[in-house]
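S.K.: Sharing a structure here in structure tokens format.
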Amino acid sequence: MSGAADVAVPVLRVDDVYKSFGSVPVLRGIDLVVHQHEVVALIGASGSGKSTLLRVINLLERVDDGQVWLTGRDISDPRANGDAVRARIGVVFQQFNLFPHLSVLDNVTLASRIVHRVPRRTAEARGLELLDQIGLSAKARDFPDRLSGGQQQRAAIVRAIMTDPELLLLDEVTSALDPELVGEVLDLVRQLKQSGTTIVMATHEMGFARDVADRVAFIDAGRVLEFGPPEQVFDAPREPRTRAFLARIP
Ligand code: ADP
Ligand code: MG
């Protein structure tokens, strides 16, 4: 094929990916394409494979079959270097993201200094600038346990974007937070979208997914059962299983 549509290489292409744990198939032929500046929300029941998919993209797990392409390179090739791939992808999990024995600023600058060999002074200037943007510069020298859960998650997100990753993966980043702290973290994600960050996020926050995601993927038993703009997936789902899932959400 040729033509304008082929020119833009997607940031992420997941192509018929399979992954089992022992004899349990968890990903069963996942396809997903994410373009630059796009925010894609992964929704689906607990246990449907969302976290496993994110871990496969980040090479924390290796695929059994299929391919994962990051800006046109096959990172699922067994010879791909996991550390090198992870240096190009930012990731934030549900909890325990920050190293408790390092200051917030050291947490935020660590990868930049160690993996990307940015001089400490440069990394700290950038780290302080980003922390300032989220109102946390006064906490830079504190240990994480002095921060609220919402502040910790925002610092973890700042850490993940410090190195300008090609792709940011967010796995239920608000699920462990007290309800009153969820908003500040979602606001930061919204800001990142506005600044053009390419994001794949597993989330239970359907309102947020509808509001912020460009496309929503409904994951069901290790497959992408439905993938489209939020209006389609939420308001006019094609698949009965999507409707059933959404009907169970309060
Ligand atoms: P989700 O994030 O959608 O809740 P997960 O990807 O965490 O789903 O899990 C999907 C399934 O894979 C679950 O049944 C889970 O128990 C199983 N699973 C995930 N990780 C492992 C693992 N390391 N070993 C064995 N089973 C796993
Ligand atoms: Mg999960």
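S.K.: Between A80 and S148, 0.36 nm times their residue separation minus their Cα-Cα distance comes to what?
M.R.: Working: separation 68, 0.36 × 68 = 24.48 nm, distance 3.76 nm.
Difference between extended and current length: 20.7 nm.
S.K.: To continue, here is another question. What's the ranking of 59-72, 198-211 by average number of surrounding C-beta atoms within 10 Å, highest first?
M.R.: 198-211, 59-72
S.K.: Principal axis extents for region 111-249, Cα atoms only, whole Å, descending order, please.
M.R.: On the principal axes, region 111-249 reaches 55, 30, 25 Å in Cα extent.
S.K.: Taking the Cα centre of each part, how many Å lie between region 221-240 and region 105-160?
M.R.: That distance is 37 Å.
S.K.: Straight-line reach from K193: which lysines fall under 29 Å, measuring Cα to Cα and dropping same-chain residues less than 8 apart?
M.R.: Answer for K193, where 29 Å is the Cα cut-off: K50, K139, listed by chain and number.
S.K.: Also: Within region 222-237, list the residues whose amide N lies under 12 Å from a label point set 7 Å along Cα→Cβ of D31.
M.R.: Output list for this probe position: 224-227.
S.K.: Below 8 Å between Cα atoms, with a sequence gap of 6+, how large is the relative contact order for region 166-250 in percent?
M.R.: Answer for region 166-250 is 22 percent.
S.K.: Using 1/(1 + (r/R0)^6) with R0 = 25 angstrom and r between the beta carbons of D211 and F96, what's the FRET efficiency to the nearest 0.05?
M.R.: 0.35
S.K.: Moving on. Of the listed peptides 159-170, 106-117, what is their order by residue-averaged count of other C-beta atoms within 10 Å, with the highest listed first?
M.R.: Final packing ranking: 159-170, 106-117.
S.K.: Grab the other residues whose beta carbon is less than 14 angstrom from that of N81, score K and R as +1, D and E as -1, and report the net.
M.R.: +2
S.K.: Across every pair of different alpha-carbon atoms, what Kirkwood hydrodynamic radius in Å does the chain reach?
M.R.: Taking every pair of different Cα atoms in the chain, averaging 1/r and inverting gives 18.8 Å.
Rule-based calculations on the coordinates, nothing more; no lab input. None of these values were measured; they are calculated from a predicted model. For neighbour counting, all protein chains shown are included, and Cβ atoms are generated from backbone atoms with ideal geometry for every residue, glycine included.
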